[in-house]
Amino acid sequence: MTAAPPPARRPRGGRAALAAALLATSVAGGTLVASSGSGGSSALAAPAASTSAPASSAPVVVTPEQRIAALLPQRLAALHLGSRASVVVSDVDAGTDLVRVRATTPRLPASLAKLATAVSAFASIGPDHRFTTTALVAPDGSLVLHGDGDPTLRSLDLRTLAAQVAPALGAHAGVRRTLVVDDSVYARPTLAPGWPRSYYLQEVSPVRGLTVDRTRSADTGLLAGRRFASALQALGVPVTAVVRRHTPAGSVQVGAVQGQTLREVVAAMLRVSDNDIAEQLGRQVARAVGLPTTWRGAEQARALVLGRLGVPLAGVVLHDGSGLSRADRVPADTLAALLRLAADPAHPELSSIAFGGSLPVAGVTGSLRPGRGRFETAPSKCAVGRLWAKTGLLRDVVGLAGYTRSTDGHLQAFVVLENGSRSTLALRRQFDALGATVTGCW
């Protein structure tokens, strides 16, 4: 993806410098007064107090946004990540950036790339869309299971579909027949650029137009076919073989089931960072805009849709929808733009990303749920339930991108992304503390 970026958003004039000066003054002897209690203290919170500085009784009023602008770069610097980290914090309500640290440097996004997948899917397909899986009878009497690329198709749905098919066959229900699986809604599966073969089954399934129960399999289409065949046989419709072919001309539909809304599908993807759903949705975006349902087609479609939305694409390379590719690159600036866009009232089709519970909630749901070691430390646990964000992890990538509200109620969109260090729990927890800094509780 390449495109000329729009004019850069600039921090409000002098905010960071003013905040730093005010904080330094407060530590040197003045009284720090935030507009709402900021709570907590830390050796990283401000420069060490000078014993020679004159005492002052005048209060220094620092807004939550000034506090973020001053403290976050300091606390990031204290992690000694050097040039490996990028940070953007945007005050969505004010329309300004509070912090920009190497914001335009392209980096491996890991699963933060799923934000681009979610936005492009909603914009091109619509949040209320449901994928439809159909059953047909071919002219030769064989049955056909035709996939529409529903990423959340369940065995229950297949049993429902079988219950429609059996009565439709009438007196011929007991005739032994072949079940044809047609998952050709997508191009045949191949490895994405930047994917080692070891990803298959360990991280993702080959991308096919039929899956079932979100089960990872070398052949999700035939797996779905076998489960449908079992449901048919339980209703007295014997199936002798399950084969993959295109739907024969002249086939007649005898049943259909609709899946969950795209809104629900995207939430399932974002909460637990489901790679298989992400890749299915990448192909669906290509399909929606009329491009081939290949890796290249999905990449071009994503760029097309995001470009139309005004998302800055300079430096963006997204070969897949999940962020697994070692060749993917996205600047923090682009990720922050996606978050701002999802929170923009002018784009209600995207609102469930920001406000619909789709993102993991700190210490509560999804990839940030209890037991994952996140938001459990003294600096970060104050943000439990107050911050919602997408996680991004590869062996050498740590990312956190989402939203919180500062202590004055302003919605803050933030991105913290680092490449090159080992993705340890300790580093993830340090990023949690940076999120708590944006919240204003540490």
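Among the numbered criteria (1) surrounded by 21 or more Cβ atoms within 10 Å (Cβ to Cβ); (2) free of Cβ contacts under 8 Å to residues at least 40 places away in the same chain, which single criterion is violated by P348? All conditions are met except number (1).
Put simply, of G399, G363 the only residue that is assigned to a loop (DSSP other than H, G, I, E, B) and within 20 Å of the chain's Cα centre (by Cα) is G363.
Selection of first residues in segment 274-298 that are hydrophobic (A, V, I, L, M, F, W, C) and of second residues that are at pLDDT below 95, restricted to Cβ pairs under 9 Å at least 6 apart or on distinct chains, gives an empty result.
Considering every residue within segment 157-165, establish whether at least one is in a helix (DSSP H, G or I) and farther than 23 Å from G209 by Cα. Checking segment 157-165: not a single residue is in a helix (DSSP H, G or I) and farther than 23 Å from G209 by Cα.
Remark: pairs (first residue in segment 356-373, without any contact (Cβ under 8 Å) to a residue 60 or more places away in the chain; second residue basic (K, R) and crowded, with 20+ Cβ neighbours inside 10 Å; Cβ separation under 6 Å; 6+ apart in sequence or on different chains) = L368/R374. Among residues that are over 28 Å from Y199 (Cα atoms), more than 15 Å from the chain's Cα centre (by Cα) and not assigned by TED's automatic domain parsing to the domain that holds P196, F355 is not included. For segment 215-224, check the following and say yes or no: at least one residue is over 20 Å from A173 (Cα atoms), among the charged types (D, E, K, R) and not assigned by TED's automatic domain parsing to the domain that holds S184. Scanning segment 215-224 turns up no residue that is over 20 Å from A173 (Cα atoms), among the charged types (D, E, K, R) and not assigned by TED's automatic domain parsing to the domain that holds S184.
Taking the conditions (1) touching a residue at least 60 places away in the same chain (Cβ under 8 Å); (2) surrounded by fewer than 17 Cβ atoms within 10 Å (Cβ to Cβ) in turn, L191 satisfies each one other than (1).
The listed residues are V311, V317, and the only one of them that is buried (at least 23 other Cβ atoms within 10 Å of the Cβ), hydrophobic (A, V, I, L, M, F, W, C) and in contact (Cβ under 8 Å) with a residue 60 or more places away in the chain turns out to be V311.
The values are calculated or read from the model by the stated rules, or taken from the named source; none is laboratory data. As the structure is a prediction and not an experimental result, all values here were calculated from the model. Backbone-built Cβ (ideal geometry, glycine too); neighbour counts: all protein chains shown.
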